[in-house]
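One structure below.
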Amino acid sequence: MITVLSGGTGTPKLLQGLKEIVNPKDLTIIVNTLENDYFSGVYVSADIDTVLYTMADMINEDVWYGVKDDTFITHERLEELGCGELLRIGDIDRATKIQKTQLMEEYGLLKACEIQAKNMGIESRIIPMSQDQTDIKIITDIGELEFHDFLIKYQSMPEVLDIEFSKVKPCEGIIDSIRNSEAVIIGPSNPITSILPILSLDGVWDALKDTYVVAVSPIVGSGAVSGPANKFMKALDIEVSSVGVASLYQDFLDNIIIDNEDENLKSKLNQIVNKVTITNTIMSNLGVKKNLAQIIIDSISLKKRGDY
Ligand code: GDP
């Protein structure tokens, strides 16, 4: 069993490679829920839905959000009616979200995800990091912003000064999943808004210390491959580089995978992490995704054989 910690863009790309290489039944994916909220009356758990659609081969890879080839009839009609939405929710995607809202209100988010994963023919376990609602505030140079306002309305433009999120309870199954896995993969997701919320859950940090942990750096060179990770890292005084990523995870990290472009950081990284692996981490096609997944699986197998 392998556990993957995921946000909603970088790690899903890696999952596309992983699911070709390992039996999906052997994967448990713990997904960030920091940004979950209600929009137009439906519960939006963007990262969970991205992981569901990715594992079901339905994801819209142009934006890593929603269903490919979806239509936007409801979204456009809502705009005509004067109740435009901050998020562009497609029609098929909206159906998923309506069902999830109903299931969640009846059974909780974990069960809702289990039912939807089963409906989509997904064999991996997909666990929300928490079933509680998180409160997140982005403190910026133009004031305190809600996460989605920062991301969509302000296009991640403001300077970020600080980030605050409320403490929530880990979803049941998370700690057991980490402890019973032969390895945990921290995908190349935003270290601050996707991974740190999972790491901050009671028991996760300690469980990771007792497990073999491989992380793929989402920072290549001096910036994020996409999205505002650099702004968030800077705000928390973390160096914007794979060294900064490694230092955030160093308490439990066994192997960091960095991009060819960052080869010059190897000796610096070796002072923080036991093993540094260098390869192409820009997942622009399935070949790169599978290759990266294979390198991770090989490192886990070596660890098992004691050749590490
Ligand atoms: P979010 O939930 O949409 O913010 O997405 P994630 O947190 O999962 O992913 C965002 C991070 O993925 C960003 O920091 C990017 O730098 C990283 N990322 C996206 N694509 C790639 C890629 O192909 N390779 C690597 N190494 N990182 C990537």
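For the listed residue pairs LYS68/LYS266; LYS118/LYS275; LYS97/LYS153; LYS167/LYS231, the alpha carbons are over 30 angstrom apart in LYS68/LYS266; LYS118/LYS275. Considering only alpha-carbon pairs that sit under 8 angstrom and 6 or more positions apart, the relative contact order computed for the stretch 93-240 is 18 percent.
Separation of the stretch 107-128 and the stretch 200-216 by C-alpha centroid, Å? So the two Cα centres are separated by 23 Å. Computed over the stretch 172-244, relative contact order equals 33 percent, with contacts defined as Cα pairs under 8 Å that lie 6+ residues apart. Here the stretch 1-83 is treated with +1 on each Lys and Arg Cβ and -1 on each Asp and Glu Cβ, and its dipole about the Cα centre works out to around 380 debye. Counting neighbouring Cβ atoms within 10 Å and putting the fewest first, the residues TYR38, TYR212 line up as TYR38, TYR212. In terms of its C-alpha gyration tensor, the stretch 161-204 has an oblate overall shape, because the principal axis ratio a/c (a ≥ b ≥ c, square roots of the eigenvalues) is not below 1.5 and a/b does not outweigh b/c.
Counting beta carbons within 10 Å around each of ARG77, ARG94, ARG179 and listing the fewest first gives the order ARG77, ARG179, ARG94.
Its Cα gyration tensor gives the stretch 1-117 an equivalent ellipsoid, and the semi-axes of that ellipsoid, as √(5λ) in whole Å with the largest first, are 26, 16, 11. Starting from the Cα of LEU236, step 7 Å toward the Cβ, then list every residue of the stretch 167-186 with an amide N under 18 Å from that point. Flagged as within label range: 167-170, 185-186. In terms of Cα atoms, the Rg and Dmax of the chain work out to 18.7, 64 Å.
With contacts taken as Cα pairs under 8 Å at a separation of at least 6 residues, the stretch 46-90 carries a relative contact order of 28 percent. For the stretch 58-64, backbone phi angles converted through the Karplus equation (6.51, -1.76, 1.60; θ = phi - 60°) give residue-by-residue couplings of 10, 5, 7, 6, 5, 10, 6 Hz, Gly and Pro being listed as x. Rounded to the nearest 10 degrees, the angle from helix 91-107 to the longest Cα principal axis of the chain is 80 degrees. Taking the Cα atoms of the stretch 95-242, the ratio Rg/Rh between the radius of gyration and the Kirkwood radius comes to 0.99. Of the GluC sites (Glu not before Pro) in the stretch 92-131, the ones in a loop by DSSP (not H, G, I, E or B) with at most 15 other beta carbons within 10 Å are GLU123. Think of the chain as a dipole: +1 on every Lys or Arg Cβ, -1 on every Asp or Glu Cβ, centred on the Cα centre; then among ALA246, THR74, LEU86, ALA246 lies furthest on the positive end.
Amide hydrogen proximity for LEU161: with H placed 1.01 Å from N in the peptide plane, the residues at 5 or more positions away or on another chain lying under 5 Å are ILE139, THR140, ASP141. Applying the Kirkwood pairwise sum to the alpha-carbon positions of the stretch 80-136 produces a hydrodynamic radius of 13.0 angstrom.
Placing unit charges on the Cβ atoms only, positive for Lys and Arg and negative for Asp and Glu, gives the stretch 202-308 a dipole magnitude near 260 debye about its Cα centre. Taking the dipole about the Cα centre of the stretch 103-154, with the C-beta of Lys and Arg at +1 and of Asp and Glu at -1, give me whichever of ILE127, PHE150, THR140 is farthest to the positive side. Highest projection toward the positive end goes to ILE127. Potential lengthening of the chain between SER166 and LYS153 amounts to 2.4 nm, from the contour at 0.36 nm per residue minus the alpha-carbon distance.
Taken about its Cα centre, the chain carries a charge dipole of about 960 debye when Lys and Arg each add +1 at the Cβ and Asp and Glu each add -1 at the Cβ. For the stretch 47-84 versus the stretch 235-263, the inter-centroid distance based on Cα atoms is 32 Å. Among the trypsin sites (Lys or Arg not before Pro) in the stretch 100-130, none is located in a DSSP loop while being surrounded by at most 10 other Cβ atoms within 10 Å of its own Cβ. Tell me the angle of helix 10-21 to the major Cα principal axis of the chain, expressed in degrees between 0 and 90 and rounded to the nearest ten. Tilt of helix 10-21: around 70 degrees.
Read-outs: derived from the displayed coordinates by stated rules, not from any lab. Every value quoted in this text rests on a predicted model; they were computed, and no experiment measured them. Note that each Cβ is placed from the backbone with ideal geometry, even for glycine, and that neighbours are counted across all protein chains shown.
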